[in-house]
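Single-structure report; data block below.
The values are calculated or read from the model by the stated rules, or taken from the named source; none is laboratory data. Please read all numbers here as calculations on a predicted model, not as lab measurements. With ideal geometry, Cβ positions are generated from the backbone for all residues, glycine too; neighbour counts draw on all protein chains shown.
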Amino acid sequence: MSLTSNDIQRLAQLSRLSFDAPASQRMLEGLNNFFAVVEQMREVDTSGVVPMAHPIDAMPLAELAAHAPSAIDGMALRLRDDVVSETNQREANQRSAPAVERGLFLVPKVIE
């Protein structure tokens, strides 16, 4: 598939955009280069390749289980342990707040 400058003008009109001549030419070249890559991808023989619902599907189950013991149906729920890695800085963070009550930031009401 290859676009023409008329196609670019039509797309610009439909999207309510305005291009000068050099920008229109760059857009034409960029889109045609994109479509050329798509055509190259269409030429690849993918017969016999099972479609994946998620990239993790490509990982062998043994490797997946080693990384995430809580894997369900080949989908990892977590890739690392959920542990606290930073100390509680609530008081330090709230020192500069204009208003705090019982550890919560108080903000002005904006919706009536």
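The condition of being surrounded by 10 or more Cβ atoms within 10 Å (Cβ to Cβ) and modelled with pLDDT of 90 or more holds for only one of GLU101, GLU91, GLU29, that being GLU29.
Residues in region 1-55 that are outside any helix (DSSP H, G or I) and among the β-branched types (Val, Ile, Thr): THR4, VAL44, THR46, VAL49, VAL50.
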